[in-house]
1. Can you tell me how many residues within the stretch 229-241 are at pLDDT 90 or above and either in a loop (DSSP other than H, G, I, E, B) or out of contact with any helix residue (DSSP H, G or I) (no Cβ under 7 Å at 6 or more places or on another chain) (or both)?
2. Looking only at the stretch 252-266, decide whether some residue is without any contact (Cβ under 8 Å) to a residue 12 or more places away in the chain and either over 30 Å from THR47 (Cα atoms) or touching a strand residue (DSSP E or B) at 6+ places or on another chain (Cβ under 9 Å) (or both).
3. So for the stretch 21-28 (the condition being over 24 Å from GLU82 (Cβ atoms) and β-branched (Val, Ile, Thr)), does at least one residue qualify?
4. Under 7 Å between Cβ atoms, which residue pairs at least 6 apart in sequence (or on different chains) link something in the stretch 478-490 that is under 15 Å from GLN432 (Cα atoms) and among the β-branched types (Val, Ile, Thr) with a partner that is at pLDDT 85 or above and assigned to a helix (DSSP H, G or I)?
5. Do we have any residue at all in the stretch 225-247 that's in contact with an Asp or Glu (Cβ under 7 Å, 6 or more places away or on another chain), under 30 Å from ALA21 (Cβ atoms) and among the β-branched types (Val, Ile, Thr)?
6. crowded, with 18+ Cβ neighbours inside 10 Å, touching a residue at least 12 places away in the same chain (Cβ under 8 Å), in a strand (DSSP E or B) and assigned by TED's automatic domain parsing to the domain that holds CYS201: is that true of LEU101 in this structure?
7. Being surrounded by 17 or more Cβ atoms within 10 Å (Cβ to Cβ) and among the charged types (D, E, K, R) is the filter here, so list the residues in the stretch 256-281 that pass it.
8. Give the number of residues within the stretch 295-347 that are part of a loop (DSSP other than H, G, I, E, B) and not basic (Lys, Arg).
Amino acid sequence: MDEHVHTKVNLSIPLETFSEAETLENFDIRATFKLVPQSPSLLDYITSFTSWVPATVVLPDISPETRARKMKGDFSFPDTLEDLQNAALESFAISAPLIDLHPIKSACGRNTEEEEADDPALGAGELVTSTKGKSPLKVHPHVVTRTDLRVVRMDNIYNKKAYDAHHKQLRLNNVRNTVLDARKRYADEITSSFLQGINGCTRAGGGLRDGRRCDRQFFDRANCEARIELQVPDEKTGTFQKQVAYAPFLSVNSRSWGPLDLIPMPIDRENCPEGSVSEAPQFMQVTWNLAYSGSTAEKLLLAEFLGFANTYNTTDTEFNKFEAQQSVETIQRLHGHKHSVNNRIGRMLIFDTIVLILNIIRFILQFHYWYTRSTTILVGVFSFYFIDTLRDLPLISRVGPNPDPVPAELVTPNAISNYLIKPLFLCGIIFQVTLNYRSKTFAGDYKLSAWIHLVSHLISLMVYIPRLAWRAEGIRHPFSLEEAANLGLTVLFGVQGVLYKRVEQDIDDKDTS
């Protein structure tokens, strides 16, 4: 269950409802996930079950059959084994929205910047979002084309008394909160964390509550959502014994997608003048990327910790969206979600970490080297200037969109760096390598530092080898002639560290002329 399973599902979404609806929500298209065990399984011996869902919490229907029974007013307990099994499976099934609301550029050329400036934005981290009362350009429906489904791998035996107590707490409608009772007049100022029970559902004064707004976290719920009672035959005697089983915990990371996984619906919700925009198609064809994996409890807890609400500028440039997408993939890979079987982003994380550690060690060694020098014999001191144009000659081309133009305020600093600092640094290395060659001694750095620099430089080149490290549909910067020259000098410096002896520091400075 550790391995990821990826699949693609082609969806055909009718657009007429979305074009005509006055208000849209992110749950208007949703996916439901229910585990179906293979027989034989413990579920064959089920006699009863209890769910965490309190009487006042209303959850979305998992299956059409369940919705049909509710429409008929049939809320009776299942009377057949098959119905009982299905009801138990649906008690820990989950739903995930496939719509996200984000800004979009006007299709009819309207200038709405002033209008949008006063328009309320979507709250970060809201579980249920709506277009009600907001500008259609600010909350346009986008289809989510990537979902990460996980099942927590848990086979530990819980303490039954503690498990039953926690399950009972999850089922409570309201939990007395003395802080709220004492400070009712300040209720609007108290954070939502005080307003939630252990099940993550917002406490209300009465009436039904929307189960979609329940903040479902493994940290709070663990495997206590469904308590299943069984009558299992003893292997030796054949007599039935009463046992209690807990259900697996299913989780969908609500932020496993990036800006490139969001596709705007081709509909006109800003009421453009007739003829100014093309007619919307009847259906929208999208490919839904679905990943399934088993996850340890620790990885899921890390995913919940890192799963902060991302806010994307879907009207941004392609380069910025590619960079944001790459950041999302990197963070997701840290806690076990792999966007694609073709990606090697996990290896890139390892390589980048190694390079970072080596560079830190190298910096410390270089600082110590120059701090402890008692003589400058055979150390080159450079003061040469030339224009470095090698960076504009790529040996390996770029992958992905071109970077955005440099802002005007950064043109001068970038020019100073490109035409002065980098050339001087490069010249310093050239002069030191030349001086080492002529004197047949190694100076300018510790040998270990030079070797570390060479190793880190070689590791950083792994991004250009697809079989070793590759970010599918990501950004790869070009490998320029300037970088090739730097690599060549780094190799020469490292080789000199092997061939030449170091400069002794216990000799007096003297005029060598």
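1. 1
2. Looking through the stretch 252-266, none of the residues is without any contact (Cβ under 8 Å) to a residue 12 or more places away in the chain and either over 30 Å from THR47 (Cα atoms) or touching a strand residue (DSSP E or B) at 6+ places or on another chain (Cβ under 9 Å) (or both).
3. Taking the stretch 21-28 as the starting set, the residues that turn out to be over 24 Å from GLU82 (Cβ atoms) are 21-28.
Among the residues that remain, those that are also β-branched (Val, Ile, Thr) are: 23.
Yes, the stretch 21-28 contains a residue that is over 24 Å from GLU82 (Cβ atoms) and β-branched (Val, Ile, Thr).
4. Listed by first residue and then by second, the contacts come to THR490/HIS453; THR490/LEU454; THR490/HIS457.
5. No, there is no match, as no residue in the stretch 225-247 is in contact with an Asp or Glu (Cβ under 7 Å, 6 or more places away or on another chain), under 30 Å from ALA21 (Cβ atoms) and among the β-branched types (Val, Ile, Thr).
6. Values: crowded, with 18+ Cβ neighbours inside 10 Å: yes; touching a residue at least 12 places away in the same chain (Cβ under 8 Å): yes; in a strand (DSSP E or B): yes; assigned by TED's automatic domain parsing to the domain that holds CYS201: yes.
Considered against the rule, which asks whether it is crowded, with 18+ Cβ neighbours inside 10 Å, touching a residue at least 12 places away in the same chain (Cβ under 8 Å), in a strand (DSSP E or B) and assigned by TED's automatic domain parsing to the domain that holds CYS201, LEU101 comes out as yes.
7. ASP261, ARG269
8. 20
The values are calculated or read from the model by the stated rules, or taken from the named source; none is laboratory data. Being a predicted model, the structure only gives us computed values, none of them experimental. Ideal geometry is used to build each Cβ from the backbone, glycine not excepted, and the neighbour counts take in all protein chains shown.
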